[in-house]
1. Take the alpha carbon atoms of the chain, find their radius of gyration, then divide it by 2.2 N^0.38 Å using N residues; give the quotient.
2. Which of the three applies to segment 146-274, rounded, prolate or oblate, going by the alpha-carbon gyration tensor with a ≥ b ≥ c and a/c under 1.5 meaning rounded?
3. Find out how many positive minus negative residues lie around Val376, taking Lys and Arg as positive, Asp and Glu as negative, among other residues whose Cβ is under 15 Å from that of Val376.
4. First compute the accessible area of the chain with a 1.4 Å probe, then give the percent of it belonging to carbon and sulfur atoms.
5. For the chain, give me the percentage of DSSP beta bridges that are antiparallel, rounded to the nearest 5 percent.
6. Any of Lys126/Lys169; Lys38/Lys218; Lys187/Lys257; Lys36/Lys241; Lys107/Lys169; Lys165/Lys264 with alpha carbons more than 21 Å apart? Name them for me.
7. Quick check on segment 44-146: of the DSSP beta bridges with both residues there, what percent are antiparallel, nearest 5%?
8. Keeping all protein chains in the complex and leaving out DNA, RNA and ligands, what accessible area do you get for Phe133 with a 1.4 Å probe, in Å² to the nearest 10?
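The values are calculated or read from the model by the stated rules, or taken from the named source; none is laboratory data. Worth saying up front: this structure is predicted, and the values here are computed from it rather than measured. Every residue, glycine among them, receives a Cβ derived from its backbone with ideal geometry; neighbour counts consider all protein chains shown. Note: areas computed on protein heavy atoms with side chains; ligands, DNA, RNA excluded. Shrake-Rupley method; radii C 1.70, N 1.55, O 1.52, S 1.80 Å.
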Amino acid sequence: MTNREFLPFALPDLGQEEIDEVVDSLKSGWVTTGPKAKRFESEFSEYLGGGLECIAVNSATSGLHLALEAIGVGPGDEVIIPSYTFTATAEVVRYLGATPVFVDVSKCDFNIAVSGIESAITPNTKAVIPVHFAGQSCEMDEILELAKKHNFRVIEDAAHALPTKYKSKLIGTLESDATVFSFYANKTMTTGEGGMLVTRNPDIAARCRIMRLHGISKDAFDRYTSNKPAWFYEVVAPGYKYNMPDIAASIGVHQLKRLTGFQKKRAEMAAFYSEKLKGLPLTLPHLMRETDQHAWHLYPVLLDSDSQVPRDQFIELMAERGIGCSVHFIPLHLHPFWKEAYKLKQEEFPVSQRLYENEVSLPLYTKMTEGDLERVVEAVKEILS
Ligand SMILES: *Cc1c(COP(=O)(O)O)cnc(C)c1O
């Protein structure tokens with residue numbers, strides 16, 4: 001036991017630039033969506049290589065909701081999702097009165113199984129939402145091909161996948177209908193709360209921009225700068241309140257500048273873990289293809305059956321050593337609402353179930369020092385030996 005400070009599971013990495021930019025927004029008086037949200041959108045598009053429509057929203061959940069609405073998901077439609085995800089991926093389908101269809105994940109990358117998607121396809125399949133778990137991309141070629149063949153849409157839940165590459169291409173730049181990133185406090189970059197919807201499709205972009213702000217045909221900033229009278233606006237649909245305020249975008253523009261460095265540091269930290277934890281009764285995460293880039297939002301390990309330490313006890317023993325761990329995910333088929341509403345049975349999700357029972361996410365974030373990493377490694381070794 002040590003009396004060292006508790007090492008939390010996650011912490012944001014915010015610097016003086018972020019603080020100064022927020023103060024600048026506060027002093028400017030423009031605190032809601034305005035010039036900085038616009039700048040954040042265009043810089044985000046540049047980051048991805050340009051030529052993409054980027055729509056800043058107040059969460060990834062909102063972005064997923066907007067994307068599904070824009071492609072016309074509604075009652076009677078089915079949307080295929082993995083069971084091994086966060087509840088947001090499923091709830092947005094319900095917001096629109098459509099039916100989430102839950103499938104198991106692959107034991108190779110913990111991502112939605114292409115064979116699972118294939119067997120879940122029906123004439124009512126409207127879309128699939130692949131989730132790039134931990135920051136490792138899904139089998140996107142296969143998924144996009146299935147979508148073409150069976151005429152359904154692809155909306156990527158990229159909450160963990162910034163910046164992730166699939167076969168040398170950044171997630172967000174593939175041929176999906178839309179990709180949604182999260183800037184929640186514990187993600188690879190943050191705006192406190194926030195998200196970015198990315199699409200190449202101008203119709204989807206136009207619909208999302210309108211629905212993001214009450215179904216008003218122009219956003220507040222445009223209203224105050226266009227040649228129409230400032231008070232004039234038109235409601236063309238019953239929209240939502242999903243816009244990103246400039247205070248959040250102020251943080252975002254500086255986090256974005258640091259993102260490549262963040263990824264590099266996360267990859268180094270992950271490599272450190274992978275090197276030091278070798279030989280223990282653990283299954284360690286790995287990159288699927290040489291040409292991929294892992295965002296390392298999470299470092300998920302699986303306790304092997306011969307580890308002798310049950311998962312829950314492992315997390316307790318880590319906590320006793322002052323180290324915060326987490327579990328990703330409690331699969332949706334185990335949550336009371338999803339389980340009961342869709343009669344989901346554990347046996348239908350053998351991989352998700354096994355992952356859930358054995359998974360531990362070790363702390364991995366850019367504010368951790370080498371000493372912190374060593375401390376985690378020592379604790380894991382002590383517990384497993
Ligand atoms: C965090 C997360 C979300 C939701 O992101 P918010 O920005 O908090 O709405 C969605 N999907 C997955 C897989 C997530 O981890």
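1. 1.01
2. On the way: a/c = 2.88, a/b = 1.48, b/c = 1.95.
Verdict is oblate for segment 146-274.
3. Working: positive: Arg4, Arg266, Lys276, Lys278, Arg321, Lys367, Arg375, Lys381; negative: Glu5, Glu268, Glu275, Glu320, Glu370, Asp372, Glu374, Glu378, Glu382.
Value of the local net charge: -1.
4. 52
5. In the chain, approximately 60 percent of DSSP beta bridges are antiparallel ones.
6. Details: Lys126/Lys169 25 Å; Lys38/Lys218 13 Å; Lys187/Lys257 15 Å; Lys36/Lys241 18 Å; Lys107/Lys169 23 Å; Lys165/Lys264 13 Å.
Cα-Cα > 21 Å for Lys126/Lys169; Lys107/Lys169; rest within.
7. 10
8. Its heavy atoms expose roughly 10 Å² to the probe.
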